[in-house]
Amino acid sequence: QVQPVESGGGLVQAGGSLRLSCTASARTFTNYVMGWFRQAPGKAREFVAAIRWSGGNPIYADSMKGRFTISSDNAKNTVHLQMNSLKPEDTAVYYCAASYRSPSSISSDYVYWGQGTQVTVSS
């Protein structure tokens, strides 16, 4: 079982950057895909990015490409989401999740979810 724990959220001005981290406890990590999703108030959960725990080519939502970067640090059992050029519409709770499947943008493919970390971007 994998229990993701997010950190790194906070308040930032538009145009600024934040780096979110997701640490997962598990006996083995190499078979998992880690994904980031976000949910703004009153809106559906939205896919952000995903990557195999062991590395490889990540996938991104089209609206995040070029601004967000997902990476894995196997030595620290951590996946990062670097967010640059943040906009007020990026304000949301960001969730880290784990999947047994190939990298996917479908939330139902992910079986383990963290509690989320709040990101607020002021204008």
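The values are calculated or read from the model by the stated rules, or taken from the named source; none is laboratory data. Every value quoted in this text rests on a predicted model; they were computed, and no experiment measured them. Every residue, glycine as well, gets a Cβ built from its backbone with ideal geometry; the counts of neighbours run over all protein chains shown. Each accessible area value is taken on the protein alone, full model and side chains, heavy atoms only, with ligands, DNA and RNA left out. Shrake-Rupley method; radii C 1.70, N 1.55, O 1.52, S 1.80 Å.
Observations
- With the simple spin-label model, which puts each label point 7 Å out from Cα in the Cβ direction, the Ala40 to Asn74 separation comes to 3.7 nm.
- Estimated dipole of the chain in Debye, rounded to 20 [Cβ of Lys and Arg +1, of Asp and Glu -1, Cα centre]: 120
- Fraction of accessible area attributable to carbon and sulfur, the chain (%, probe 1.4 Å): 46
- Based on the reciprocal of the average 1/r between different C-alpha atoms, the Kirkwood radius for segment 17-76 equals 12.7 Å.
- Per residue, the convex hull spanned by the alpha carbons of the chain comes to 91 Å³.
- A straight Cα-to-Cα reach below 24 Å connects Lys87 with the lysines Lys43, Lys65, residues fewer than 8 places away in its own chain not being considered.
- Surface analysis of the chain yields an accessible area of 51 Å² per residue, using protein heavy atoms and a 1.4 Å probe.
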